[in-house]
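Have a look at the structure below, then the notes.
The values are calculated or read from the model by the stated rules, or taken from the named source; none is laboratory data. Remember, it's a predicted structure, so these values are computed and weren't measured experimentally. Counting neighbours? That spans all protein chains shown, and the Cβs are built from the backbone with ideal geometry, glycine included. Protein only, heavy atoms only, side chains kept; ligands, DNA and RNA dropped before computing areas. Shrake-Rupley method; radii C 1.70, N 1.55, O 1.52, S 1.80 Å.
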Amino acid sequence: GDSVTQMEGPVTLSEEAFLTINCTYTATGYPSLFWYVQYPGEGLQLLLKATKADDKGSNKGFEATYRKETTSFHLEKGSVQVSDSAVYFCALSSDSGNTPLVFGKGTRLSVIA
Amino acid sequence: GAGVSQTPSNKVTEKGKYVELRCDPISGHTALYWYRQSLGQGPEFLIYFQGTGAADDSGLPNDRFFAVRPEGSVSTLKIQRTERGDSAVYLCASTLSGANVLTFGAGSRLTVL
């Protein structure tokens with residue numbers, strides 16, 4: 001079945017450091033790919049998405065590019081802030097309808113000043 | 001409403017008891033999902049509704065778990081004869097039909113003693 005594998009955490013970075021969180025997937029067909037973020041004490045929020053190969057999703061300085069050849073959707077940010085401390089989840093949906101999202105295990109990011 | 005509302009936010013119960021968790025989705029969202037998130041894990045799909053009917057209940061772990069959405073809006077997740085392994089955060093999400101971007105509630109944390 002469909003699955004998502006993301007790098008284990010926790011990840012601890014200093015403010016203004018470069019962030020990469022790796023995500024690879026296994027799916028039939030052409031899934032849509034997502035990054036969700038869970039800030040402390042809050043619900044999951046969509047951070048960005050990409051629906052086809054070579055698409056780049058971006059939001060709040062975060063970016064991820066849908067790479068079909070490597071089945072990857074790595075999350076990057078050039079300069080992290082303390083406020084980016086959260087748990088990040090990579091997810092996929094196997095079609096464009098209402099097929100339930102499949103999530104990775106999450107990666108906890110802590111940014112220290 | 002403005003967001004997805006889940007009640008109670010916290011529920012502590014004893015092994016063997018019956019529990020109901022409620023989800024009030026965004027007004028007009030026809031698709032509603034239940035997920036379960038155990039500590040250190042990503043959300044795990046349980047069931048999804050399209051309108052009043054369960055379109056996919058393949059994630060329900062066993063017949064102690066049941067969910068309803070009688071009027072196509074509010075949904076209730078029901079757990080009978082709770083076990084300690086049921087302890088988790090239960091997440092609800094909603095979306096417009098055909099759109100795969102979910103809006104999540106803050107979750108209901110269930111603790112079974």
DSSP-loop chymotrypsin sites (Phe, Trp or Tyr not before Pro) across the range A:1-72, with at most 13 other Cβ within 10 angstrom: A:PHE18
On average, how much accessible surface per residue is there in chain A, in Å², for a 1.4 Å probe, leaving out ligands, DNA and RNA? 47
State, in square angstrom and to the nearest 100, the accessible area buried between chains B and A, both chains counted, probe radius 1.4 Å. 1500
Carbon and sulfur %, accessible surface of the range A:22-113 computed with the full protein complex present, 1.4 Å: 48
Would you tally the net charge around A:LEU19, using a Cβ to Cβ cut-off of less than 9 Å, leaving A:LEU19 out, and scoring K and R as +1, D and E as -1? -1
For A:LYS60, which lysines qualify as cross-link partners when the Cα separation must be under 19 Å and same-chain residues fewer than eight apart are set aside? A:LYS49, A:LYS77
Could you tally the net charge around A:ASP84, taking each other residue with its Cβ under 10 Å from the Cβ of A:ASP84, Lys/Arg +1 and Asp/Glu -1? +1
When the label point is put 7 Å from the Cα of A:ARG108 along its Cα-to-beta-carbon vector, which residues of the range B:11-54 have a backbone N closer than 17 Å? B:37-43
Using the crude model of +1 on Lys and Arg Cβ and -1 on Asp and Glu Cβ, and no other charge, please compute the dipole size for chain A relative to its Cα centre, in debye to 20. 120
Accessible-area loss of at least 10 Å² (1.4 Å probe, chain alone to full protein assembly) applies in the range A:79-113 to A:PHE89, A:SER96, A:GLY97, A:ASN98, A:PRO100, A:LEU101, A:PHE103, A:LYS105
For B:LYS17, go through the lysines and keep the ones whose alpha-carbon is under 23 Å away, minus same-chain ones fewer than eight residues off. B:LYS78
Can you list the residues, at least 5 places off or on another chain, whose amide H is less than 5 Å from the amide H of B:GLY107, using H built in the peptide plane? B:GLN6, B:CYS92
Considering Cα pairs under 8 angstrom that are at least six residues apart, work out the relative contact order of chain A and quote it in whole percent. 37
How big is the Rg/Rh ratio for the protein assembly as shown, C-alpha atoms only, Rh by Kirkwood, two decimals? 0.97
How much FRET efficiency would the formula 1/(1 + (r/R0)^6) give for A:VAL82 and B:LEU39, where r is the Cβ-Cβ distance and R0 is 35 Å, rounded to 0.05? 0.90
For the range A:51-60, take each phi angle, set θ = phi - 60°, evaluate the Karplus expression 6.51 cos²θ - 1.76 cosθ + 1.60, and give the result in whole Hz per residue in order, putting x for glycine and proline. 10, 8, 3, 6, 5, 10, x, 8, 5, 6
With all protein chains present, how much of the accessible area of the range B:1-47 (probe radius 1.4 Å) comes from carbon and sulfur, to the nearest whole percent? 47
Cβ-based net charge around B:ILE47, under 14 Å, with every Lys or Arg adding one and every Asp or Glu removing one: 0
Relative contact order (%) - chain B, alpha-carbon pairs under 8 angstrom, separation at least six: 37
For peptide B:41-47, compute the average count of partner chain beta-carbon atoms within 10 Å of each residue's beta-carbon. 6
Given charges at Cβ of Lys, Arg, Asp, Glu: the range A:13-78 dipole, positive-most of A:SER72, A:LEU13, A:ASN59: A:SER72
For the range A:75-113 and the range A:8-31, what is the separation of their C-alpha centers, rounded to whole Å? 7
